Amino acid sequence: MKKILALLSFTLVLAFSSCIEQNYPTWSGAVVEFQDAVVRAPAAGVTYPRIIVANTVGTVNLQVNLVSAHKSSDETITYKIVPEGTTGVAGTDFVVSGSVVIPAGSSTANAVVTIPNTGRIGGAVDVLLELEGNAQIPASENHKRVQIRITRPNPAP
């Protein structure tokens, strides 16, 4: 009798719990974000991460993510240098193009920052980049900025 009651209870639990319709909300928007802003903690006192590289690194690839369904055409995403967080000189300490193209059917592209070797002049300079997006795809408010700190070794004594 206990086995029959246990089997009946189990069957009732399955019957009443397996057919519940779940209406989870879905998001259908689109934003772009820097991968480093998603996976790295913000630097002290600011809301964005700081990536430290030597002036001999050559290039830094910053992955830009499209948070959306894949698009059927290429998407050109722009980004800018934010003067308030930048101490380096464009063209001397770093070179950026200001845009990336996320290919059709893809979710990522790389923003390339070229770091010229300025030699052993000491100190460090920063460049703060901010995604702007495009007319259809805005930048994520929480993950649109990344700062690169370029270190330069001190001169030889």
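Any read-out appearing in this document is the output of simple, stated calculations on the displayed coordinates, not a laboratory observation. The structure displayed is predicted, hence computed values, not measured ones. Every residue, glycine as well, gets a Cβ built from its backbone with ideal geometry; the counts of neighbours run over all protein chains shown.
Please verify whether the range 14-26 includes one or more residues that are farther than 18 Å from Val112 by Cα, in contact (Cβ under 8 Å) with a residue 12 or more places away in the chain and not charged (D, E, K, R). Within the range 14-26 (the criterion being farther than 18 Å from Val112 by Cα, in contact (Cβ under 8 Å) with a residue 12 or more places away in the chain and not charged (D, E, K, R)), the answer is no, since none of the residues qualifies. Among the residues of this structure, Ser106 counts as one that is assigned to a loop (DSSP other than H, G, I, E, B), farther than 30 Å from Ala156 by Cα, touching a residue at least 40 places away in the same chain (Cβ under 8 Å) and of a type outside the set (D, E, K, R). In the range 109-117, the condition of being assigned to a strand (DSSP E or B), of a type outside the set (A, V, I, L, M, F, W, C), over 16 Å from Asn142 (Cβ atoms) and touching a Leu at 6+ places or on another chain (Cβ under 7 Å) is met by at least one residue. On the stretch given as the range 118-157, residues that are within 11 Å of Ile77 (Cα to Cα) and either among the β-branched types (Val, Ile, Thr) or touching a Leu at 6+ places or on another chain (Cβ under 7 Å) (or both) total 2. Taken over the range 127-151, the criterion of being part of a strand (DSSP E or B) and touching a helix residue (DSSP H, G or I) at 6+ places or on another chain (Cβ under 6 Å) is satisfied by Leu128, Val146, Gln147. If I filter the range 5-15 for residues that are of a type in the set (Phe, Trp, Tyr) and closer than 30 Å to Ala156 by Cα, do I get at least one hit? No, the range 5-15 has no match at all. Scanning the range 71-100 for residues that are of a type in the set (A, V, I, L, M) and surrounded by fewer than 13 Cβ atoms within 10 Å (Cβ to Cβ) yields a total of 2. From the set of residues in the range 111-157 that are polar (S, T, N, Q) and surrounded by 14 or more Cβ atoms within 10 Å (Cβ to Cβ), which is nearest to Val64 (Cα to Cα)? Result: Ser140.
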